[in-house]
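Right, one structure below, let's go through it.
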Amino acid sequence: MHPRAVEHSQSDLDRVIPDEAELTAGVRIVPGRSYGFFTDTTLCIGCKACEVACKEWNNLPADHLGLTGDSYDNTGMLSANTWRHVAFIERDVRADNQSPFQSGWLMMSDVCKHCENAPCMEACPTGALFKTEFNTIVVQQDICNGCGYCVPACPFGVVDLNKVDGKAHKCTLCYDRLKGGLEPACAKSCPTDSIQFGEVAELQQRAARRVEKLHEIGVSSAYLYGTPGAPGGSGDYGHLNAFFLLTERPETYNLPAEPTRPSNRVLPSLVSGLATMAGLTLAALALFTRNR
Amino acid sequence: MDQWTGPTYYNRPQLKAAPFDKTLVGGYVFLAGLSGGAQMLSTLLDLTRGRKARDVVRRGRQLALLAPTVGSALLVADLHTPKRFYNMLRVAKRTSPMSIGTWILSAFTGFSGITAVADFAADRVPGLGWLRRGARAAQVPAAVAGAGLGTYTASLLSATSTPLWAAAPRALAVRFAASSVASAAAALSLFSRDQKLRRDLDTVCAGALAVEVAATVVADEEYRRTGVDEALKSPSGRLDTIGAFDVGTVVPLGLLAFGLLHGGRSRPLSSMASLAVLGGSLMMRIAVIGSGDVSASRPDISLRFMQKR
């Protein structure tokens with residue numbers, strides 16, 4: 001038991017536990033440090049507790065009821081109302097050399113990556129998207145005017161507009177909970193610790209150790225997605241504050257292998273366009289002067 | 001890692017398409033190019049020809065008011081919370097072409113407004129003839145902002161993760177810039193009663209169209225190289241390749257070249273070409289936005305595009 005848990009022997013509490021994340025995730029949440037998720041897909045059992053906890057805490061409505069026919073994935077995709085999405089990939093067990101009773105299924109709980117250099121935030125023309133004191137990316141609902149420019153900026157298809165309220169929405173990494181010293185709802189609810197919350201540097205070390213361990217026990221395909229220099233951490237993204245341990249290539253999980261940073265294209269584009277304008281202006285000037 | 005060949009995740013989109021209304025935003029981009037180009041050309045004509053090009057210069061200054069008025073209205077209408085449009089003026093960010101564009105449009109609105117109002121007042125109100133000098137001073141910064149107005153819209157599309165827009169940022173910007181100048185020259189040519197001036201405007205238009213054709217060819221090659229060209233097989237893509245390129249660029253270029261080589265005296269020929277150019281310029285913007293959306297909603301295209309090169 002965590003030493004601090006001794007202070008709270010009863011389940012019926014008369015107050016909020018200060019720094020509760022220390023009990024549930026072993027980390028004290030301090031403004032000015034960088035927090036994120038390490039999602040280890042080898043531990044995911046596809047229970048969708050993260051999806052439910054997220055909807056419950058953030059008061060998010062369902063996107064649609066009904067079955068998709070695509071394995072157990074009836075959530076579909078991340079959206080304005082869905083900030084955790086568990087993907088199911090049914091792989092043929094016999095194609096591997098695993099014993100027959102073992103499942104070859106892949107499951108991954110997807111979420112906003114809270115990029116170090118976030119394209120949605122760079123694109124936002126109102127400053128509604130901002131970087132919090134916990135180094136996470138949040139949309140300020142009282143500022144967003146629903147221009148929708150953050151939506152195509154995201155290389156992961158995370159940010160989405162809600163057509164009902166006309167604002168952009170996405171995972172806030174439970175900004176309100178972090179402010180209160182609480183672990184984000186999805187990570188707290190995860191029964192297998194597939195979703196781990198903590199300080200990014202610490203999580204990255206933990207993840208590297210986990211990959212080593214997996215390689216040792218024979219899962220040679222395990223690798224990290226979204227750490228510096230790894231897939232997903234390419235193209236000037238630096239790293240992703242919410243990163244993943246995967247065992248198949250990124251596309252299998254609907255993740256891009258090498259996303260590029262959109263704002264890197266602003267300058268080449270503007271220079272080419274203005275150079276064209278300048279060239280045509282000079283040509284027109286010469287013509288207008290000559291035929292005067 | 002080896003090159004990825006599939007499969008996708010149940011063919012579900014990996015990206016989200018921009019929630020822009022392609023007609024509203026495409027219409028704005030067209031008007032921005034038209035107004036910016038018109039301000040540039042009328043400023044050049046005023047500086048070089050002065051009184052002799054008076055009518056066309058006045059028309060150009062009037063056309064320049066389209067983006068600030070109708071164009072801005074289209075932009076606000078496309079917002080999903082339109083009453084907060086003024087939040088665009090909270091910040092200035094060089095990483096966001098939409099923010100850059102907000103300030104370009106604001107500057108253009110100010111300077112073009114001064115130019116047009118001063119011009120109008122100098123003509124109509126006795127004793128205010130001195131305002132003409134104000135119009136001449138304001139038209140230069142207005143023309144510079146106009147150059148930005150006709151091009152930033154390409155950066156706005158390219159600085160996203162939408163494959164078709166991101167695949168060829170330079171070529172797309174050249175295309176948009178050239179189309180802006182071509183549409184403005186075409187519109188001014190329609191208004192020009194002076195044959196010599198019309199011939200010059202048609203020459204500018206033909207030159208811009210030639211640049212646009214070259215940029216389109218380069219862009220198509222980039223699309224093929226990066227594997228996003230399949231988005232051009234969609235209805236929006238066809239509108240681009242057949243409507244905007246063939247009918248709206250190549251045909252009028254041919255008409256103008258034919259007319260100019262034969263002395264440039266045929267007004268119907270010039271008018272026909274001008275109308276095709278204007279239609280093509282509008283279609284091109286709507287089609288590029290639409291086929292970009294197609295490329296974003298197809299995971300095979302977006303996952304292939306975001307491979308290591």
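Annotations for the structure displayed:
- Helices (runs of 4 or more DSSP H) (entirely within segment B:169-254) containing at least 2 residues that are within 17 Å of the chain's Cα centre (by Cα) and modelled with pLDDT of 95 or more: B:169-191, B:195-226
- Output for segment A:61-84, where each listed residue is under 20 Å from A:LEU246 (Cβ atoms), within 10 Å of chain B (Cβ to nearest Cβ) and open to solvent by less than 40 Å² (accessible area, probe 1.4 Å): A:ASP70, A:SER71, A:ASP73, A:LEU78
- Residue check: B:ASP55 meets all listed conditions (1) closer than 16 Å to B:ALA143 by Cβ; (2) more than 12 Å from chain A (Cβ to nearest Cβ); (3) among the acidic types (Asp, Glu) but one, namely (1).
- Criterion: crowded, with 18+ Cβ neighbours inside 10 Å and within 14 Å of chain A (Cβ to nearest Cβ) - qualifying residue of B:ALA118, B:ALA77, B:ALA67, B:ALA159: B:ALA159
- Hey, A:CYS154 buried (at least 24 other Cβ atoms within 10 Å of the Cβ), at the interface with chain B (Cβ under 9 Å from one of its Cβ atoms), in contact with a Cys (Cβ under 7 Å, 6 or more places away or on another chain) and under 25 Å from B:ASN87 (Cα atoms) or not: yes
- Pairs where the first residue, in segment B:248-270, is free of Cβ contacts under 8 Å to residues at least 12 places away in the same chain and the second is assigned to a helix (DSSP H, G or I) and open to solvent by less than 40 Å² (accessible area, probe 1.4 Å), C-beta under 7 Å, 6+ apart: B:SER266/B:GLY259
- Residue within segment B:263-281 that is part of a helix (DSSP H, G or I), surrounded by fewer than 24 Cβ atoms within 10 Å (Cβ to Cβ) and within 11 Å of another protein chain (Cβ to nearest Cβ) present: no
- Candidate set: segment A:1-60, residues that are more than 28 Å from A:ARG210 (Cβ to Cβ), of a type in the set (A, V, I, L, M) and over 18 Å from the mean Cα position of the chain (by Cα); chosen: the one surrounded by the most Cβ atoms within 10 Å (Cβ to Cβ): A:ILE17
- Any hit, segment A:236-259, residues being part of a helix (DSSP H, G or I), open to solvent by 10 Å² or more (accessible area, probe 1.4 Å) and within 20 Å of A:ASP193 (Cα to Cα): no
- Residue in segment B:81-90 that is more than 25 Å from A:LEU282 (Cβ to Cβ) and either touching a Phe, Trp or Tyr at 6+ places or on another chain (Cβ under 6 Å) or in contact (Cβ under 8 Å) with a residue 60 or more places away in the chain (or both) present: no
- Among the residues of segment B:82-107, those that are over 17 Å from A:CYS120 (Cβ atoms) and hydroxyl-bearing (Ser, Thr, Tyr) comprise B:TYR86, B:THR102, B:SER106.
- Of all the criteria given as (1) touching a Phe, Trp or Tyr at 6+ places or on another chain (Cβ under 6 Å); (2) within 14 Å of chain B (Cβ to nearest Cβ), the one not satisfied by A:ALA242 is (2).
- Scan segment A:115-128 for residues that are surrounded by 24 or more Cβ atoms within 10 Å (Cβ to Cβ) and over 26 Å from B:VAL294 (Cα atoms) and the total you get is 2.
- Scanning segment A:260-292 for residues that are facing chain B (nearest Cβ under 7 Å), touching an Asp or Glu at 6+ places or on another chain (Cβ under 6 Å) and assigned to a loop (DSSP other than H, G, I, E, B) gives a single hit, A:ASN291.
The values are calculated or read from the model by the stated rules, or taken from the named source; none is laboratory data. Just so we're clear, the structure is a prediction, and the values are computed from it rather than from any experiment. Glycine also receives a Cβ, built like all others from the backbone with ideal geometry; neighbour counts cover every protein chain displayed. When the accessible area is computed, the model is the full protein with side chains, heavy atoms only, and any ligands, DNA or RNA have been set aside. Shrake-Rupley method; radii C 1.70, N 1.55, O 1.52, S 1.80 Å.
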